[in-house]
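A short reminder: the numbers here are calculations on the coordinates, not readings from a lab. From a predicted model like this one, the values you see are computed outputs, not experimental measurements. Note: ideal-geometry Cβ built from the backbone for every residue, glycine included; neighbour counts use all protein chains shown.
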Amino acid sequence: MNIKLTIGQFYPGDSVIHALDARVKLAGTFFFIVSLFYADNFYGYLAAFILLSAVIVLSGVPPRLLLRGIRSILFIIVFAAVFNIFFNPGETVLLEWQFIRISYEGAITAARMVIRLALLITASSVMTLTTSPIQLTDALEYLLKPLKKIKVPTHEIAMMMTIALRFIPTLLEETDKIIKAQTARGADFVTGSIMKRAKNLIPLLVPLFVSAFRRADELAVAMDARCYRGDTGRTKMKVMKLRGRDAAAIIILAAYSVLLWLTKMA
Amino acid sequence: MFKAEQIYFEYTQTAEEDSAPANYVALNGVDAEIQKGEFVAVVGRNGSGKSTFAKHLNALLSPTSGTLWVNGAATSKEENIWQVRKSTGMVFQNPDNQIIASVVEEDVAFGPENLGVEPGEIRRRVDGSLAAVRMADFAKAAPHILSGGQKQRVAIAGVLAMRPDCIVFDEATAMLDPLGRSEVLETVAALNGEGITIILITHFMEEVVIANRVFVMNEGVIEMDGSPREIFGQSKKLRELGLDVPHMTALAHELADLGVPVSRGVLTVGEMLFELTAALKL
Amino acid sequence: MILAAENLTHIYQRGTVFEKKALDGITMSVPKGAFAGVIGHTGSGKSTLIQHFNALLEPTSGKVWLDGEDLFAADKKKRKRLREKVGLVFQYPEHQLFETTVQKDIAFGPQNMGLSSDEVSRRVAEALEWVGLPKEAAQLSPFELSGGQKRRAAIAGVLAMKPEVLILDEPTAGLDPRGKNEILGQIKKMHESAGNTVILVSHGMDDVARLADIIFVMNNGRIEFSGSPAEVFREADKLAKIGLAVPQVYLLLRELIKRGADLPQNIFTAEAAAQAIKKLYEH
């Protein structure tokens, strides 16, 4: 059994995109995604496409990594497109054959949907590929800070993410080990009906949960021993500081939004 | 550094829902005094109370009765806990379950960050601690790609960055291979050389030899307390307690029993060679 | 030959940047009924090698012979039957316990082999005895046992499958000295009474020297050398170079012999060494 996981994958590098403040990247990506839904004509999408392409080129991330991201949600994109093409009750009919009816409006909506989703996925992939999980977590904690006022445990959420990222590889290794050990005892994880296979997972899941709880327990003790007490009186080794390039990025984003607004006015 | 006076620790555990809760006595009146700069090895069977004792030194556990003072502060007092944990660091058995961050240097920074140390100073401490355990080259690495010995050295760096007076190793070498074990032990000896008090809990009698004092624990008390030579000189008693002696000490006892004139306190190959060269007139 | 590897090579993540040659042309054979030791430090390929013996990993190239049959050329059904001849006890096997009682957990393997329920319960009882667990332990939850007992229960789960070849990967890691000696003693006793082949994978030189009659030393995915303990430890300097320690008793005798003492070199235990030195002393 082979387990491949692409969550939180980071493509290390020293491009200007990598060097940008994670907060700017996170907020910028969020802003860009919102802009995709604000734009309503092809000039707007063109602007978005050009901006994103420039970022990709600057980041030095191989495009095939980005295509992989799109491929993984290809099903959703196709589904959204098909749904819009066939079920949009548009006025201008392009094609009608038996129960199939494709309207001009449907085709346009479908095309928009595809473009938006593709740009959205690519933009978020570029961000996760160029930002280390730790920086991302820190940025998230910072940006969520205002929510603390309404008692959202932002520090705890960030700490949970940090620990989850740390333990994903460890638990994958553990899963592989347990699968092998049980296979050596004649367990079968790959054949049989769905019901049977689900039942056969017990020899894998019970040890995995027991181990995860044991790890959690030991980790909690280790954190206590190192004086962890939530974020009371806590400092950070890496202080996030905005630099010239971050200001430049913000200006570029501002210019982009003005451009979008103009395309909508025109 | 430490002073324990008649510490007892009891806990209750319910194994099955329908069975009555059972009371366990993990520590049964421990008395001990450890000076600053000492290197104390603690041995004993599983369940003899070693780990429970270790967790008291860091105020992770508080005695049911009796008192433990760390640098004059009683660990049972709530207000002393953070001071105690700062001065006594701990390295645990499983290297995987004590590393918190997914980048080595971020993990080393975890302790000083919790203490509220100023960012520039954290940076200096992280770099210094990683250099001290010879892991500076791995500062940006992901912990899961490291070997067991390397992970434990990262854990040690994490403790060092908190500037402790003492480090407790709770079977920290149990899951390592011989190479990893010697890496960690070298680091431990070097830290002791710099004046840090070391408490080393272990099952490997060969590791005990480098300590200057040994506690043998049994059924929740410190049964024996002395230098490695004094302790291993009593191999019969150790065997009764379910423990071993170093290979050379075992051989020395065998030889002495057979009438060959060698000292029972031999610990290493070098010492044995010296004794036998004389006895056999080589 | 019960088990043999022929030019066995295994490359992890072939064709990616993470490509790693874990086994590099391993050729070895273990005689039927032998007690073999495999030593090498972490990353030398020990674990990768033994996983091939149970077909948990497929070789990149090369063959594994089990009882005269090519394990990887066999069809699915035959391979399953061949695999049952090899019992594999992984490191920290207690982490794989999952059933509600010790009895059921030990029965998992034999049941998967399709044995009758009578046979299964007979084997469970036998396995419990081999590992020295009391009969009453059978009805307990494995999670109620102490650390050492859990380890025994897990080993019993593999013993109950009565493998012709029993492979144990660091079976005593993390145990206290008494627990360690007890488990090794039980493995030795079972080997002597059942006459099966045992492969002990370890970095504990002293244990391997005491128990094994043939030793394979692994380094960088290769068998560096192999032979009887005396033959292997003769290469003390080479062993030290690849980070493996030689038993202390052996080192002592070697030094004494160098200084002119008339002692045999093939001694690895304190008891035997003491007898030999005493004889020399009395002369």
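Kirkwood analysis of region C:1-57, using all unique Cα-Cα pairs, places the hydrodynamic radius at 12.4 Å. Round to a whole angstrom and tell me the spacing of the C-alpha centers of region A:138-196 and region B:60-117. Distance between centres, Cα-based: 26 Å. Tell me which lysines have Cα within less than 23 Å of C:LYS279's Cα, excluding those fewer than 8 residues away on the same chain? Straight-distance partners of C:LYS279: B:LYS281, C:LYS258. Summing +1 for each Lys or Arg and -1 for each Asp or Glu among the other residues whose beta-carbon sits under 14 angstrom from that of C:LEU256 gives +2. Mean separation of Cα pairs under 8 Å and 6 or more residues apart, divided by the residue count, gives chain C a relative contact order of 22 percent.
With a threshold of 20 Å on the Cα-Cα distance, the over-threshold entries among A:LYS148/B:LYS77; C:LYS104/C:LYS135; B:LYS36/B:LYS86; C:LYS32/C:LYS188; C:LYS80/C:LYS162; C:LYS104/C:LYS162 are A:LYS148/B:LYS77. Global dimensions of region A:1-126 from alpha-carbon coordinates: Rg and Dmax equal 17.6, 57 Å. If you model region C:1-99 as an ellipsoid using its alpha carbon gyration tensor, with each semi-axis the square root of five times an eigenvalue, the axes come out at 21, 18, 16 Å, biggest first.
Any of A:LYS196/C:LYS180; C:LYS46/C:LYS189; B:LYS55/C:LYS241; C:LYS20/C:LYS85 with alpha carbons more than 31 Å apart? Name them for me. Before the final figure, lay out each step's value.
Details: A:LYS196/C:LYS180 39 Å; C:LYS46/C:LYS189 25 Å; B:LYS55/C:LYS241 39 Å; C:LYS20/C:LYS85 29 Å.
The answer is A:LYS196/C:LYS180; B:LYS55/C:LYS241.
Mind checking which aspartates and glutamates have their Cα closer than 14 Å to the Cα of B:LYS237? Skip sequence neighbours fewer than 8 apart in that chain. B:LYS237 reaches B:GLU223, B:ASP225. Equivalent-ellipsoid semi-axes for chain A (Cα gyration tensor, √(5λ), whole Å, largest first): 39, 32, 16. The relative contact order of chain A comes to 27 percent, based on Cα pairs under 8 Å that sit 6 or more residues apart. Counting every alpha-carbon pair across region C:125-236, the share separated by more than 24 Å comes to 31%. The convex hull defined by the C-alpha atoms of region A:56-152 has an orientation-averaged projected area of 10.0 nm². Relative contact order of chain B: 21 percent, from C-alpha pairs under 8 Å at least 6 residues apart in sequence.
Shape call for chain C from the C-alpha gyration tensor, a ≥ b ≥ c root eigenvalues: rounded (a/c under 1.5), prolate (a/b greater than b/c) or oblate? Cα axes put chain C in the oblate bin.
Translational diffusion of region C:56-168, estimated by Stokes-Einstein from the Kirkwood radius over alpha carbon pairs at 37 °C in a medium of 0.692 mPa s, is 221 µm² per second. Dimensions of region B:151-204 from C-alpha coordinates, computed as largest minus smallest value along each principal axis and given longest first, are 28, 19, 17 Å. Listed by chain and number, the aspartates and glutamates placed with their C-alpha closer than 16 angstrom to that of B:LYS140 are A:ASP14, B:GLU105, B:GLU106, B:ASP107, B:ASP127; residues fewer than eight positions away on the same chain are left out. Note on chain A: with a GNM built from Cα contacts shorter than 10 Å, the maximum mean-square fluctuation among A:ARG101, A:ARG197, A:ARG112 falls on A:ARG197. Taking every Cα-Cα distance in region A:194-241 and sorting them into 5 Å bins starting at zero, the pair-distance distribution P(r) comes out as 5, 15, 13, 13, 12, 10, 9, 8, 7, 6, 2, 0 percent.
Secondary-structure-derived ellipticity at 222 nm for chain C, considering helices only, amounts to -12000 deg cm²/dmol, per-run term -39500 (n - 2.57) for DSSP H runs with n ≥ 4.
Debye-formula intensities of region B:125-273, expressed as log10 I(q)/I(0) at q = 0.17, 0.18 Å⁻¹, are -0.99, -1.06 (one equal scatterer per alpha-carbon, no solvent). An oblate overall shape is assigned to region A:175-257, the ratio a/c of its alpha-carbon gyration tensor axes (a ≥ b ≥ c) being 1.5 or greater and a/b not exceeding b/c.
Taking square-rooted eigenvalues a ≥ b ≥ c of the alpha carbon gyration tensor, is region C:169-208 rounded, prolate or oblate, where a/c under 1.5 means rounded and, failing that, a/b exceeding b/c means prolate? Taking the square roots of the gyration eigenvalues as a ≥ b ≥ c, region C:169-208 is oblate.
Here the Karplus relation 6.51 cos²θ - 1.76 cosθ + 1.60, evaluated at θ = phi - 60°, turns the backbone of region B:126-143 into coupling constants of 4, 4, x, 5, 5, 5, 4, 9, 6, 10, 4, 5, 9, 3, 9, 6, 8, x Hz, with x for every Gly and Pro. The Rg/Rh ratio for the protein assembly as shown is 1.03, where Rg is the radius of gyration of the alpha carbons and Rh is the Kirkwood radius. Shown here is the pair-distance distribution of chain B: with all Cα-Cα distances grouped in 5 Å bins from zero up to the longest one, the shares run 1, 6, 11, 14, 16, 15, 13, 10, 7, 4, 2, 1, 0, 0 percent. Charge tally for A:ALA249 (other residues, Cβ to Cβ under 12 Å; Lys, Arg +1; Asp, Glu -1): +2.
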